[in-house]
Amino acid sequence: MPAPSIPNSQWIYTYAYEPRQIWEPWETEAFPPKWIAQEANNVVEQTNAIPHTLAFILLTDTHITENGTWNHTAEAISQICKQTKINAVIHLGDFTDGILSKQKTSEYANKILNDLKQNDIPIYAALGNHDFNYFNKNPDILTSQEASELHLNRSEANYSVDFSEQNLRFIFLNSYDNSKRLRYGFSKETLDFLSQELEKGKAIIFSHLPPMAVLQAWVKEIRGENEIMEIMNRHSESIIAFINGHNHCDSLYNGKFPIISINCSKCEYFLEHKPQNAKTPFRKLGEPIQESFDILLYPSLKFIRFGAGQNRQIENGIAEWR
């Protein structure tokens, strides 16, 4: 599909931090627009029709900017939380673009976190590569501890969360280190942490990066790929799914356990740098496909999509489109 030809299409692509008068406002109706409530009602109706004990908002790659669509995303999440029980929000990284000062990056990241906190539910996140403030030759780099404290409210990037009643564990992994030659990948510390956590029972693993280079198109090699796959294949009976962001598209991979890539929340549409068999849903401002995030249900393992993209599910250990 060719790139969209729509008015103000630059809003989809630009990384804009300062309002510019030459850009006309793209909002054409009062906030919040009616389509947010309509799409929220739709996904809540689907959610409530599926038996489940836990429900999570799942989003990634917000890449918040001054002229972006985050306020719409936050409003959509808020409306869903008011209509059905959501147990937590999960953000898979790249809150910002990582090209501003530490102070400005903190302001933007805290904007996202504070908006989500208004829903009075826990927020869990994984660090993305942009969350270390390393891009566009930015000299104001965040250390791993600084990035963790800012985005995760934790001192460590690797951590787990237990849902004891469901005998379920969420494992969150760090997948980036700008001090290494291979910045993208998994450190020995992360691998040791994962191995120990998988000894404890059923788990869903969350990471910004996928565990295999072939499942993304930005770099040719992922540090620790062989090691992490050996660990996970050895514990495959404990792994419900590996879920990641980073790719700015949706994709499904089925090996000994499913690996699921989630489309970017940022309103963006381009087909370059996508892994094989990925689906990049068309985006357009001012209607539901402007947005793209999921409600993840457990134990049904259904992914209900708000906005652009398809529903997915895991059935009998196999991820599939619905």
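Side notes on the structure shown:
- Restricting attention to the stretch 199-322, close to 70% of DSSP beta bridges with both partner residues there are antiparallel.
- For trypsin sites (Lys or Arg not before Pro), the sites in the stretch 38-129 that DSSP calls loop and that have at most 13 other Cβ atoms within 10 Å are Lys85.
- On full extension, the segment bounded by Lys137 and Glu107 gains 8.8 nm, given 0.36 nm per residue less the C-alpha separation.
- Qualifying trypsin sites (Lys or Arg not before Pro) in the stretch 228-294, where qualification requires a DSSP coil assignment and no more than 15 other C-beta atoms within 10 Å, comprise Lys256, Lys284.
- Gaussian network model of the chain, springs between alpha carbon atoms under 10 Å - residue of Glu156, Glu39, Glu189 with greatest fluctuation: Glu189
- Candidates Phe132, Ala74, Pro258 compared by Cα position along the dipole of the chain: farthest toward the positive end lies Pro258, with charges placed on Cβ.
- Fraction of beta bridges assigned by DSSP in the chain that are antiparallel (%, nearest 5): 55
- GNM top mover of Ile50, Ile262, Ile231 - the chain, alpha-carbon springs below 10 Å: Ile50
- 21 Å Cα-Cα reach of Lys117 towards lysines, excluding residues that sit fewer than 8 places from it in its own chain: Lys82, Lys85, Lys104, Lys266
- Top of Asp177, Asp250, Asp192 by mean-square fluctuation, Gaussian network on the chain, Cα under 10 Å: Asp192
- Shape of the stretch 118-259, Cα gyration tensor, a/c cut at 1.5: oblate
- Shown are Leu100, Leu173, whose ranking by accessible area with a 1.4 Å probe and every protein chain present, most to least, is Leu100, Leu173.
The values are calculated or read from the model by the stated rules, or taken from the named source; none is laboratory data. In this text the structure is predicted, and so the values were computed from the model without any measurement. Counting neighbours? That spans all protein chains shown, and the Cβs are built from the backbone with ideal geometry, glycine included. Surface accessibility is based on the protein's heavy atoms, side chains included, excluding ligands, DNA and RNA. Shrake-Rupley method; radii C 1.70, N 1.55, O 1.52, S 1.80 Å.
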